[in-house]
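Inspection log for the structure reproduced underneath, given as structure tokens.
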Ligand code: B3K
Ligand code: ZN
């Protein structure tokens, strides 16, 4: 499977399937060291092609019959990735029996073992590691599945759909049969076998159907599943109310698994989840764990309609289900929590991960046109930028119009495998729109920049606003056409009130939002009758995923921070002030000059902290932009200078605002620790943000240690430990030791212990990471553990890019090692090298050598794709 130059696949090569599988019958006989899979497929020819080619990898074929007669060996051929039957009848029943070895499956794709249980992960192409099949999303079929295993070891046997039959077998074995009445592609197949704990509940749908809800987890862990259960019911209700979608089977099952490459998987009726996104109690999970569980439980549930009932024609269309479902889960989180805060969190995430991907060597359009490994499509661009594009559609037609479009989409395409274009057409048709230009968002990569120029004439009382758009080159796309960019807009007066905007080019959508459409490379608008220069509030709610280049004055930004009715843009004003200051401080540190912390920023933050409004929003405003966002504004990545600038600003804020920070901390510390009310989430976030700044001041480590020891919930304990982890205090070691001793038997909590150390900004972090790789609690086969240590370290810009340490060499060696047994994990880690082209010369050469070494190491096609593209980004890739 490993090759030097893997084969690329292309969207333009898509052809509809030559055969249809009308019915699938699977029988699994699970044993400790192997599994026998008997598959009976009812197959019909669709076109004129005579030979049937089925996908299959690492399968030992034991039997093959056509219409119950042995199929002669001269008439079939096995290759490493397929089985071809020559000249098959027009319609026939194919039976195959294969032997597979879940125990030896280390890439966690297909059927594999996690501890004592068996489970599956088939998206995107894992099913071909289970049996020979047409493993492509547009091949949809009805599945009946029987699972047989030892009854004592595996009392729970699960698959998709409804339970049909259960019976005992000789030799202490038993079997359960599942029938899924809905046609589905193979990537939604799932199987679980094990001895598990379970909690039960039910949900009654709007047409009064009672659905049984079951969440399974390793014995002893099931009581930690109640939060997930509540989230599931909330999501089911929300999808009925907001999108009119009702659940369609009699049961909905979720299983928590410790070894899982991704976060979760939406298999029809049987979701399989990484246990970190199911299990929670206040002692061991933070508020943000609770939030993530809510959002991912909802996300997987929403896939039942967007992904499962209406699925993908091919993998290049992945964003059709992922972008749309992320959009739906974001809307859900916004409806059940605070709209502004959730929006800010999503945008923060988008800018850190997707914007940097879009600016780097692995940039690709939302609908890519080629790839080496389909596994690599699960990117922030497909997910998060895909969701932004759907959000723009909703902004353009308003919520009621968007709902009409969604209704049309479901009624047109239920039970079918379709494309991104089909979706956009349904939304446009329902709203009588023409979106040819808008669809460029799907085919052109890169983040557009919108430059703003303002000109106010006090005599004529007129205000000119000129907007220009541009988008730099992306791999394979040098020149871009102008995008259709919907920008929500407002103008503020000096007293903070809003100008009643009237302009022929500003339209109002059904929610009363004012939208300015930028269609051309440049546009100028003229506003009359303005007695004073207004303060511009553009791209409210981050209505379009663009960089805004706007030379606002400090006064204007402070005005927005204080008065904008759009909370997103209040936060954004603070971020711009902080970004500008951090960039100047970085330049100064690089040049060995000194520069002051921005008094305007301090004044703005002081006002925010003083004015007791929404604590969650206050906390978000107080947080500085992340390094991964700041790097995008810089031509060269000087990690030590960036790090010095950040420390200087953080210290400046801590010193400048210390009285207010202390007051805030003392007012909020210890209040309602067990409340799960979003307001209390916000209060704790603000309190812990205050602690973060206070920990820089004399006595700060003691304060953090005190909170660490007295904390009743993980949110407070982790925040305190994080502050200590960044410090040089002797209390650091003590706290880390205590934490480990307390949680050494809880894998999820111990991941936090690894992650906090790998994310620490101390100089010694690299040597800590090297030691932690050999720590007795480290397990390189468990994806969560590897991500906690290595992925966190790779994202830790000051430490990963510390020019004084051999970080790249170490990291590359680990990627090569992991790639041998789990390519998906290795691929994710290799993304940390994407910034290498921005490094100063000597460092760039060293990162280049590490990339070259990886490329020579017979990588999997997954990792090869990321590494080779990273290297291609540099015309002058260093040679060795
Ligand atoms: N569809 C899954 C992703 C599976 C990842 C496969 N490598 C989770 C989700 O997006 O809902
Ligand atoms: Zn998804």
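The numbers here are math on the coordinates, done by the rules we state, and not lab data. These figures come from a predicted structure and were not determined experimentally. Methodologically, a virtual Cβ is constructed for each residue, glycine included, from the backbone with ideal geometry; neighbour enumeration extends over all protein chains shown.
Before moving on, here are some points about what is shown:
- A Förster distance of 51 Å, applied to the separation of the beta-carbon atoms of residue 603 and residue 283, puts the FRET efficiency at 0.80.
- Per-peptide average of other Cβ atoms within 10 Å, ordering 838-845, 389-396 highest first: 389-396, 838-845
- Scattering profile of the chain at q = 0.06 Å⁻¹ [log10 I(q)/I(0), Debye over alpha-carbon scatterers]: -0.42
- For the chain, the longest principal axis of the Cα atoms and the long axis of helix 658-668 meet at an angle of about 50 degrees.
- Each peptide in 451-463, 679-691, 645-657 gets a packing score, the mean of other Cβ atoms within 10 Å over its residues, and the list from highest to lowest is 679-691, 645-657, 451-463.
- Multiplying the residue separation of residue 779 and residue 667 by 0.36 nm and removing their Cα-Cα distance gives an extension gain of 36.2 nm.
- Annotation: extensible slack from residue 457 through residue 520 equals 20.2 nm (criterion: 0.36 nm per residue apart, minus Cα-Cα distance).
- Out of every Cα-Cα pair that the stretch 440-492 contains, those further apart than 18 angstrom amount to 47 percent.
- Under the simplified labelling scheme, the residue 200-residue 633 pair shows an inter-label distance of 5.7 nm, with each label point 7 Å from Cα along Cα→Cβ.
- The stretch 666-700 versus the stretch 422-483: alpha-carbon centroid distance in Å: 41
- Rounded FRET efficiency, nearest 0.05, which uses the C-beta distance separating residue 761 from residue 349 and R0 of 25 Å: 0.75
- With 10 Å bins from 0: P(r) over the stretch 449-543, alpha-carbon pairs, percent: 14, 45, 29, 10, 2
- Measuring spread by the Cα atoms of the stretch 1-194 yields a radius of gyration and Dmax of 16.7, 53 Å.
- Ordering of 234-243, 427-436 by packing is 234-243, 427-436, highest average first (other Cβ atoms within 10 Å, averaged per residue).
- Acute angle (nearest 10 degrees) that the helix 747-759 long axis makes with the longest principal axis of the chain, alpha-carbon atoms: 40
- Potential extension, residue 219-residue 335 segment - 0.36 nm per residue separation minus Cα distance: 38.4 nm
- With N as its number of residues, the stretch 23-133 has a Cα radius of gyration that, divided by 2.2 N^0.38 Å, comes to 1.09.
- Kirkwood Rh and Cα Rg combined as Rg/Rh, the stretch 577-718: 1.00
- Calculated [θ] (222 nm, deg cm²/dmol) that DSSP helices of n ≥ 4 give over the chain, each run adding -39,500 (n - 2.57): -12000 deg cm²/dmol
- Folded to 0 to 90 degrees: helix 678-694 orientation relative to the chain principal axis, Cα: 60
- Alpha-carbon centroids, the stretch 254-331 and the stretch 106-142: separation in whole Å: 17
- Centre separation in Å (Cα based) which lies between the stretch 34-58 and the stretch 600-643: 56
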